[in-house]
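Have a look at the structure below, then the notes.
The values are calculated or read from the model by the stated rules, or taken from the named source; none is laboratory data. Worth saying up front: this structure is predicted, and the values here are computed from it rather than measured. Cβ placement follows ideal geometry from the backbone for every residue including glycine, while neighbour counts extend to all protein chains displayed. Keep in mind that these areas ignore ligands, DNA and RNA; they rest on the heavy atoms of the full protein, side chains included. Shrake-Rupley method; radii C 1.70, N 1.55, O 1.52, S 1.80 Å.
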Amino acid sequence: MWQGTVALRPGRLVYAGQVGDAHRHRHAAVQLVLATEELVWLCDGSGAEWRGRAAVIPSGAVHEIAGGAAGVLAWVDADGALGRALTARVRRTGLPVGSVAAWASAAQPLLDTSLTVGDSASGMVDQVLTTLTPAGGGGPVSLHPALRQAIAVLPTMLDQSVRLERLAAAVGISASRLGHLFSDELGLPFRAYVRWARLQRAIDHARLGGTLTEAAHAAGFADSAHLTRVCHEMFGLAPSVLARAVHWHRRRAVSG
């Protein structure tokens, strides 16, 4: 069963601990799989199996993973700068992008890299992503003041429809300029940023004891079914699984 630590910030969810079963599925995020002890087992859509220590699974790739191993899993937004860089790495292998052979080959540099395995899985994943996507820009940045203000205002809007134009007006900048700032400085399109912010709000409500319906409404989802569907689409996991994680590590989404 799934039991570990979760860190969630816009564009990225990191899980560290005991990996549970995830039967045949596909999801919208790019997934990084990193075994910290015994080898992890993966199977692709064609039925090809693999055991190893690291893999990069692109968005939309059918796969399953066997539980029982200890490891670190990261789901990265496919539309963001890091997600695009990771997907490009899988394609550059020259192997079918839906094959477990391509996923393992794309992560090969990790096997030749010394990682600092500490108590922060999120920090460990930062090291990994820097290794795999040296131009990915995942580190702290000094943000435009209007973007910092927009990030602060956005949570107050999540229980309703969030429009870029309305948020831009609230911080005194044009919608087109604000949209570019999200993509250029955070590496995430505005709509993708909002989707991750909604997921974080909903999971926070659920883990603090709220029902899935209450969590869904607090985050602007139509109902619990909508929230569950989005979680499955993004991570291949139900929100109840994420809410039951042993510990949540909260981290600032951005610096500046």
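Relative to its Kirkwood radius, the Cα radius of gyration of the chain gives an Rg/Rh of 0.96.
With distances taken between every two different alpha-carbon atoms, the stretch 1-53 has a Kirkwood hydrodynamic radius of 12.7 Å. Restricting the calculation to Cα atoms, the stretch 176-238 yields a radius of gyration followed by a Dmax of 13.1, 39 Å. Ignoring any ligand, DNA or RNA, what whole percent of the accessible area of the chain comes from carbon and sulfur when the probe is 1.4 angstrom? Summing carbon and sulfur atoms, their accessible area is 51 percent of the total for the chain.
Placing +1 on each Lys and Arg Cβ and -1 on each Asp and Glu Cβ, with no other charges, gives the chain a dipole about its Cα centre of roughly 540 debye.
Comparing Leu199, Leu110, Leu188 in a Gaussian network model of the chain (Cα springs below 10 Å), the most mobile by mean-square fluctuation is Leu110. Of the residues Ala28, Ile173, Ala222, the one whose Cα sits farthest toward the positive end of the charge dipole of the chain, with +1 on the Cβ of Lys and Arg and -1 on the Cβ of Asp and Glu, is Ile173. Once you've got the GNM for the chain with C-alpha springs shorter than 10 Å, pick whichever of Leu73, Leu154, Leu227 has the biggest mean-square fluctuation. Judging by the Gaussian network model, the answer is Leu154.
Take the chain with all the other protein chains still there, run a 1.4 Å probe, and you get 45 Å² of accessible area per residue.
What fraction of the DSSP beta bridges in the chain is antiparallel, stated in percent and rounded to the nearest 5? Close to 95 percent.
Computed over the chain, relative contact order equals 22 percent, with contacts defined as Cα pairs under 8 Å that lie 6+ residues apart. The chain: longest stretch without exposed trypsin sites (Lys or Arg not before Pro) (DSSP loop, at most 14 other Cβ within 10 Å), sites themselves excluded? Value returned for the longest uninterrupted segment is 1-91. For Arg91 and Glu37, the FRET efficiency from 1/(1 + (r/R0)^6), where r spans their Cβ atoms and R0 equals 22 Å, is about 0.15. If you run the Gaussian network model on the chain, springs between alpha carbon atoms under 10 Å, then out of Gln160, Gln18, Gln31 the most flexible one is Gln160. Accessible surface of Thr130, taken over heavy atoms with a 1.4 Å probe and every protein chain present, rounds to 90 Å².
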